[in-house]
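All remarks here apply to the structure that follows.
The values are calculated or read from the model by the stated rules, or taken from the named source; none is laboratory data. No experiment lies behind these values; they were computed from the predicted model shown. Here the Cβ positions follow ideal geometry from the backbone for every residue, glycine too, while neighbour counts run over all protein chains shown. Accessible surface areas use protein heavy atoms only, side chains included; no ligands, DNA or RNA. Shrake-Rupley method; radii C 1.70, N 1.55, O 1.52, S 1.80 Å.
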Amino acid sequence: MKDEKISFLRDLLSGPIVFAIVAIALKDSFGYHGAFAMALAGWMAAWWILRPVSVSVTALLPIAVNAAFDIIPNSDVISKYFAEIVVLLLGADMISMTWTTSGLDRRISVKTLCSIGTSMKEQIFVWLTASVVLSIFLPNVVVAAIFCPIACAMLKFVGEKDITKSPLAVPILLAIGWGSGIGGFGSPIGSGANLVAISYIEDLTGQEFMYFEWVIRFLPVLVIITALNVLFLWHLPIPAKELPGTKEFFQKMYAEFGPMKKSEKIGLWLFIIAMLLAFLRPLFADALPALRPAYCFFILGLVTFFVKDENGKPMLTWKYAESHAMWGMYFLFASGLALGSMIIKTGAVDKLAAIIASMNLDGGFLTLLIFSAFATAVSEMSSNTAAASIAIPVVISITQALGLNPVPYIITTIIAVSCAYVLPISTRAIPVSFGLDASLEIKRGIEITIINILLTSCVGYLGMKFLTIYSTF
């Protein structure tokens, strides 16, 4: 018992100690406010790894630390905890709750097992590939919010009752979280970061950038990076090669479910309609400019309180929603937005950019490696859209100062900002909120980040040297 108390106290103090060390070390070069912002990132990382408190409690640190040290206006931090993306998560969560109350999650789980099979390699491959493909067209947070509850329901169905302690859940939830993140650069509409990049490219070239040109440049790279993720996840230590049960067993069980109930159909259609509205937004954006995907999901989430099931009862009650909503997921996601806002608005990121600019870069492989590492690091501490807004101007200014063609460096940077794997913020917060161990995500994320930065830099360098299409728009 005494050892446990000592261990808890050590883990608890790790955060403030890291905060103090980083703040003191950076105060002269980053300024007090910038140093505090970077120190907060260190504190949160320490607590996410050692977990003296819940990861969701750690996600609330930006509010407390900012209030104590007045790093940026507190309204800028607090507003992130009900930002548009949090509204989307809340709406998606309300809809998916009806899947549980109606039994649709059980039906989908068994159908998934019938279709994919029970091989862990097949499971990893299909969840990752499906996440990548869907996130090419849909917001990555939507994809993760769709797949995580289905995967967890499937795992619970085969006997993994506690997802937080399930080694079989780790590669599947990582596949969804990582796949949803990397797929975004597969098309111009896959991520806000891509639209930032297109804006800069059009300013550079002075002409309209055609979307098909994006696909022919980035899709082959996405295939390569997806293959890297599959191979990495296949080589994680997994205690079993198969999920319990057989494909034939689940096919028989699915047949016993009978026809879908009214409540199951309603829950499914609400999600399908929300996804279609998100995907088809360009068709009605001019007529309804404020009806963004987040509000489509939220409105349809509210509908669940009004429509009745086959027994004449509401699909969802507030009592159930209040006790089953994934509040921790909202806080985790918002913490990344808050932390990113602090790092950007204090000018800490400008200091990081200045350090890069002061290096003796020659435009070769090392330059691409540094740009990739910088873009990935910024994306870890903010959203990939914010990271693109920060990294791309830095890359353009440095390459132009060196008299280099900025295009291949911009392409490499775009890929890098979409390949963040480590901290449980942004899309990566969603699998953690469903039970994935944050410390495992960080550990495995660091490993694949190093590999991915090297791969991205190599692809960028080879493309720049041997492929004309990689150097022009």
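Within the stretch 106-123, how many residues are surrounded by 23 or more Cβ atoms within 10 Å (Cβ to Cβ) and under 23 Å from residue 432 (Cβ atoms)? Don't jump to the end; show me each part of the working.
Just the residues of the stretch 106-123 that are surrounded by 23 or more Cβ atoms within 10 Å (Cβ to Cβ), to begin with: 109-110, 113, 123.
Still in the running and under 23 Å from residue 432 (Cβ atoms): 109, 123.
Number satisfying all stated conditions: 2.
Of the helices (runs of 4 or more DSSP H) that lie entirely inside the stretch 243-313, those containing 3 or more residues that are surrounded by 12 or more Cβ atoms within 10 Å (Cβ to Cβ), in contact with a helix residue (DSSP H, G or I) (Cβ under 9 Å, 6 or more places away or on another chain) and not hydroxyl-bearing (Ser, Thr, Tyr) span 247-257, 262-279, 293-303.
Would you tally the residues in the stretch 110-125 being under 24 Å from residue 235 (Cβ atoms), of a type outside the set (D, E, K, R) and free of Cβ contacts under 8 Å to residues at least 40 places away in the same chain? I'd like the intermediate steps shown before the answer.
The first filter runs over the stretch 110-125 and keeps only residues under 24 Å from residue 235 (Cβ atoms), leaving 112-113, 116-125.
Add one more test, that the residue is of a type outside the set (D, E, K, R), and what stays is 112-113, 116-120, 123-125.
Narrowing further to those that are free of Cβ contacts under 8 Å to residues at least 40 places away in the same chain: 116.
Residues in the stretch 110-125 being under 24 Å from residue 235 (Cβ atoms), of a type outside the set (D, E, K, R) and free of Cβ contacts under 8 Å to residues at least 40 places away in the same chain: 1 in total.
In summary, residue 39 fulfils each of the numbered conditions (1) open to solvent by 20 Å² or more (accessible area, probe 1.4 Å); (2) at negative phi with the single exception of condition (1).
Would you be able to tell me the number of residues in the stretch 416-473 that are among the aromatic types (Phe, Trp, Tyr) and open to solvent by less than 30 Å² (accessible area, probe 1.4 Å)?
Here is the first cut: in the stretch 416-473, the residues among the aromatic types (Phe, Trp, Tyr) are 421, 434, 461, 466, 470, 473.
Those still in the list that are open to solvent by less than 30 Å² (accessible area, probe 1.4 Å) too: 421, 470.
Counting residues in the stretch 416-473 that are among the aromatic types (Phe, Trp, Tyr) and open to solvent by less than 30 Å² (accessible area, probe 1.4 Å) gives 2.
Is it true that some residue in the stretch 443-457 is assigned to a helix (DSSP H, G or I), under 18 Å from residue 388 (Cβ atoms) and among the hydrophobic types (A, V, I, L, M, F, W, C)? Yes, because at least one residue in the stretch 443-457 is assigned to a helix (DSSP H, G or I), under 18 Å from residue 388 (Cβ atoms) and among the hydrophobic types (A, V, I, L, M, F, W, C). Filtered by the rule that a residue be open to solvent by 10 Å² or more (accessible area, probe 1.4 Å) and either among the acidic types (Asp, Glu) or at pLDDT 80 or above (or both), the stretch 356-377 gives 362, 364, 365, 366, 369, 370, 373, 374, 377. So if I check each of 75, 79, which one is without any contact (Cβ under 8 Å) to a residue 60 or more places away in the chain, more than 30 Å from residue 317 (Cα to Cα) and among the polar types (S, T, N, Q)? Only one candidate qualifies: 75.
Which of the following residues is surrounded by 24 or more Cβ atoms within 10 Å (Cβ to Cβ), outside any helix (DSSP H, G or I) and touching a residue at least 60 places away in the same chain (Cβ under 8 Å): 316, 332? Please lay out each step first, then the result.
Details: 332 fails: outside any helix (DSSP H, G or I).
The match here is 316.
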